[in-house]
Amino acid sequence: MSEEYKREHVFGIDYGTSDFKYGPIALGETPEVVENRGYFVDKESLMSKLMDIRREIVVGKELPLFLESRKSLAERMVYPMRNGVIGKDDWKAWRVVEELTKYALNSFAPRDEEFDGFYLVASISMVAPRYMYEKLFEIFKKMNDEKTLVKAATIIPQPLAVAIAHKIPTCVVVESGHGNSQICPISMYPIRDAVLALNRGGSSANILMAEILKDAGYGDLAKEESLVRRVKEEIGLLPRDLDSAIDYAKANPEKVHARLKIPGTRIVIDLGEHSWTRFLVGEYVFNPNHEIFQSYFTRGMPKPSDIKIGDTFFYGMMDMAEAIIESVEKCPIELQPHLYSKILLSGGNFSWKVPEDLKEVAVTSDLKLTSMLHEKGIEDIEVRITEEPRFSVWRGCIVYGYAVPIDYEWNWNRMEGWLYLA
Amino acid sequence: MNRPINRLRLICKLRGRARVRDEELLSKLLSKNWKIEGRIAELDGSTVKFLSMNPSRDEFMLTLNLKKPEHLDNIIKSIIRECWYIDIYYNFRGDEARRVAEILRIRFEEKGVFELKLFGINLKVSAYPSFKTLTVSYRIGWAEVSKNIVLKVHEKLCGAPKSSILSKIMGWRR
């Protein structure tokens, strides 16, 4: 097997908390994306038998075709990477991972005889424990049961993939996905002792968005997570300063008025006099400590709690700037200024829109964090949003796969190299 | 061609090991009219981004976002002087993929890899119709570059500029 073969057959998979990004090197700059979820079909139901649905689990783009009632969504839909870590014995979650992996590889496996499996680079959360690596390698090996899909595989933490994609050896990567946010200082390798995780991500903003929808009279829609997420992405805003943004919104209601038609349906969402709450959605991700959120907590919205998963502590309420500072301060003092001077923001949770006529009060994630860090006395900062933050992990996987030589075999101590499976 | 071609990737095999740092490679290879800042070069809105060098430092990968086809010609002619060969990868999505499949007379109905000849060179075409994706790749050396093959293939795949004399002579239309 030659370097040239590998170069043609590098395959990247980013197991994001919400989206599953995948595809071979040939896709260029943009991977395919499906939701990181699987639906367990009720095989005992009469309709399944009548329609001859033999699959136990459905993943990928056709998943919506199999959905049943809203109630069954909650029972049968499994999001395996919700917080980046899968329990060792969570067989349903592992089945979804297996099915998604097979779906991804089969979609792109060439039919020509020369094909002898992909060089698969998978990326998972920085806080994923070792058993997740072992389990994933087991799954990758299983992919070869029917035909060879994986020649060799390697697994890298998501923040490292981001740093690789941007070729920045010394930086802090803040990877904020659906379920959580990881803050990872990197100096050639991730500094594992300094990694800090927040139990807050896009899903926290979705929860708040759902409350806002309820308040605006759309309680029925607030139960559908994918719709809530869509509304958040379309109308949610990140304020430069929350108080000023609210004042602005109240003084200029027509400018912040939020109205959204959901294509292909009759649904129109109009926040009306509640339109000022658009600013709360972004703020909540960066800093949930503002007193305005108290009213939501008192009314029953769950507060992001501190939790421990495996050996990792996920902070619920720590603001994002504070988390970066705490993480950087665990690194050698000499290194700290270099880390502050390159902060990379990656993940879909940093893609906040700034409408042209709201530039005064709404900002992008890099500007927000810069100002939060300045307020805490940190100077000489450069915060950068990665190009297409949703895809930077996948791009890093591809670059890593291209660069790691075929004879560099997997080493469990260093957690790098290719593990040959076929 | 009025729209940017932003799904183009080059893999360049150097004649020897690169002796400069990654950040210096583009300045060493590209012509003076490119404005280079580290790993990114820019010319009239077109950009070249250095993605990675292999560990033996004799091969590197670039990603291109081009505003004008002649920029591709300019890049290739500059780089090939230092290379044994360059592999050029195009990635087309959506309607573009279907259009290119039609141009190349490829059935875009099921997944497959096709090999065909165009202007005397071997093109490898990978079709993924369910994702509306088509990848076209080929290898060129000095001989192909000196025959202006790159521009011909590019214009065939991506369309020729309206004012191009080549397009008028060849009668290519989009």
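When ranked by the protection proxy of mean other Cβ atoms within 10 Å per residue, highest first, what sequence do the peptides A:95-105, A:110-120 form?
Top to bottom by mean Cβ count within 10 Å: A:95-105, A:110-120.
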With unit charges on the beta carbon (Lys/Arg positive, Asp/Glu negative), name the residue among A:I307, A:P337, A:V354 whose Cα is farthest towards the positive pole of the charge dipole of region A:302-366.
A:I307
If the label point sits 7 Å along Cα→Cβ of A:D407, residues of region B:55-72 with amide N under 16 Å come out as B:55-58
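Are there trypsin sites (Lys or Arg not before Pro) in region B:21-63 that DSSP marks as loop and that have at most 15 other Cβ atoms within 10 Å, and which are they? Can you show the working numbers first?
Values: sites: B:R21, B:K28, B:K32, B:K35, B:R39, B:K49, B:R57; in loops: B:R21, B:K32, B:R39, B:R57.
Those that pass, being in a loop and sparsely packed, are B:R21, B:K32, B:R57.
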In region A:106-233, taking the dipole from +1 charges on Lys and Arg beta carbons and -1 charges on Asp and Glu beta carbons about the Cα centre, the listed residue (A:S181, A:S203, A:A153) farthest towards the positive end is A:S181
For chain B (alpha-carbon point model, no solvent) the Debye-based log₁₀ I(q)/I(0) at q = 0.12 Å⁻¹ works out to -0.56
Need one value for B:52-61: mean number of C-beta atoms belonging to other chains within 10 Å of its residues' C-beta atoms.
4
Using label points projected 7 Å from each Cα along Cα→Cβ, tell me how many nm separate B:K117 and B:W84, to one decimal.
2.5 nm
In Å, the Kirkwood hydrodynamic radius from C-alpha pairs for region B:20-96 sits at 13.2 Å
Based on Cβ point charges of +1 for Lys and Arg and -1 for Asp and Glu, what charge dipole magnitude is obtained for the protein assembly as shown about its Cα centre, in debye rounded to the nearest 20?
2140 debye
Given labels modelled 7 Å from the Cα in the Cβ direction, how far is it in nm from A:E291 to B:D58?
6.9 nm
List the residues, sorted by chain then number, that are 5 or more residues from B:E59 or on another chain and whose placed amide H is less than 5 Å from its amide H.
B:L14, B:N54
What do you reckon, how do A:M132, A:M415 stack up by accessible area (1.4 Å probe), largest on top?
A:M415, A:M132
With the convex hull built on the alpha-carbon atoms of region A:120-173, volume per residue in Å³ sits at 74 Å³
Residues other than A:E29 with Cβ under 11 Å of its Cβ, Lys/Arg counted +1 and Asp/Glu -1, net out at +3
Put +1 on the Cβ of each Lys and Arg and -1 on the Cβ of each Asp and Glu in region A:250-316; which of A:Q294, A:F279, A:A258 then has its Cα farthest toward the positive end of the dipole?
A:A258
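Report the calculated FRET efficiency for A:E388 and A:K353 (r = Cβ-Cβ distance, R0 = 25 Å), to the nearest 0.05. Kindly include the intermediate steps, with their values, before the conclusion.
On the way: r = 14 Å, r/R0 = 0.57.
About 0.95, to the nearest 0.05.
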Using helices alone, I'd like the mean residue ellipticity at 222 nm for chain B: each DSSP H run of four-plus residues gives -39500 (n - 2.57), total over residue count, nearest 500.
-8000 deg cm²/dmol
Please determine, in degrees from 0 to 90 and to the nearest 10, the orientation of helix B:69-80 with respect to the longest principal axis defined by the Cα atoms of chain B, where the helix direction is its Cα long axis.
50 degrees
Quick check: Cα centre of region B:4-43 to Cα centre of region B:52-87, how many Å?
7 Å
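Counting only other chains, and only Cβ atoms inside 10 Å, what mean value do you get across the residues of A:26-35? Walk me through the numbers on the way to the answer.
Working: counts 12, 10, 12, 9, 5, 0, 4, 0, 0, 0.
Mean inter-chain Cβ contacts per residue within 10 Å come to 5.
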Measuring from label point to label point, each 7 Å out along Cα→Cβ, what is the A:D241 to A:E75 span in nm?
5.3 nm
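Which trypsin sites (Lys or Arg not before Pro) in region A:205-297 sit in a loop by DSSP (not H, G, I, E or B) and have at most 10 other Cβ atoms within 10 Å of their own Cβ? Intermediate results must be reported in sequence, preceding the final value.
Values: sites: A:K214, A:K223, A:R229, A:R230, A:K232, A:R240, A:K250, A:K255, A:R259, A:K261, A:R266, A:R278; in loops: A:R240, A:R266.
Sites meeting the loop and neighbour criteria: A:R266.
Quick one: dipole size for region A:232-338, taken about the Cα centre, charges +1 on Lys/Arg Cβ and -1 on Asp/Glu Cβ, in debye to the nearest 20. All intermediate terms of the calculation are to be shown ahead of the outcome.
On the way: 12 positive and 17 negative charges, 135 e Å.
Once rounded to the nearest 20, the dipole reads 640 debye.
I need the Kirkwood Rh of the protein assembly as shown: take the reciprocal of the average 1/r across all distinct C-alpha pairs and report it in angstrom. Show your work: numbers first, answer last.
Working: mean 1/r = 0.0388 Å⁻¹.
So the Kirkwood estimate lands at 25.8 Å.
How long are the semi-axes of the equivalent ellipsoid of region A:282-321, defined as square roots of 5 times the Cα gyration tensor eigenvalues? Whole Å, largest first.
Details: eigenvalues 85, 35, 7 Å².
Each semi-axis is the square root of five times an eigenvalue, giving 21, 13, 6 Å.
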So, with +1 on the Cβ of K and R and -1 on the Cβ of D and E, and no other charges, what is the size of the charge dipole of region A:95-169 about its Cα centre, to the nearest 20 debye?
320 debye
Whole-Hz ³J(HN,Hα) from phi, Karplus 6.51 cos²θ - 1.76 cosθ + 1.60, for region B:41-47, glycine and proline x
10, 9, 8, 6, x, 7, 10
Once the other residues with Cβ under 13 Å from the Cβ of A:V162 are scored (Lys, Arg +1; Asp, Glu -1), what is the net sum?
+2
Using a 1.4 angstrom probe on the protein heavy atoms only, line up A:I406, A:I262 by accessible area, largest first.
A:I406, A:I262
Evaluated over region A:215-280, the Cα radius of gyration and Dmax, each in Å
12.3, 36
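If each residue of separation counts as 0.36 nm, what is the full-extension length gain between B:K28 and B:E110 once their alpha-carbon separation is subtracted?
Difference between extended and current length: 25.2 nm.
Where does the charge balance sit around B:R81 when Lys and Arg score +1, Asp and Glu -1, over other residues with C-beta under 11 Å from its C-beta?
Values: positive: B:R15, B:K28, B:K77; negative: B:E82.
Spelling it out: positives minus negatives among the neighbours equals +2.
Add -39500 (n - 2.57) for each DSSP H run of 4 or more in chain A, then divide by its residues: what number comes out at 222 nm, to the nearest 500 deg cm²/dmol?
Taking each H run of at least 4 residues, the total per residue is -10000 deg cm²/dmol.
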Non-local residues with an amide H under 5 Å from the amide H of B:L118, with H modelled 1.01 Å from N and Pro and chain starts lacking one, are B:L123
Can you pull the mean other chain C-beta count within 10 Å for peptide B:108-115?
2
Within region A:256-305, DSSP-loop chymotrypsin sites (Phe, Trp or Tyr not before Pro) with at most 11 other C-beta atoms within 10 Å are none
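The values are calculated or read from the model by the stated rules, or taken from the named source; none is laboratory data. Bear in mind the structure is a predicted one, so any value in this text is a computation, not a measurement. Because the Cβ atoms are built from the backbone with ideal geometry, glycine has one as well, and the counts that use them run over all protein chains shown. To get the accessible areas, we keep the full protein, side chains included, count just its heavy atoms, and leave off ligands, DNA and RNA. Shrake-Rupley method; radii C 1.70, N 1.55, O 1.52, S 1.80 Å.
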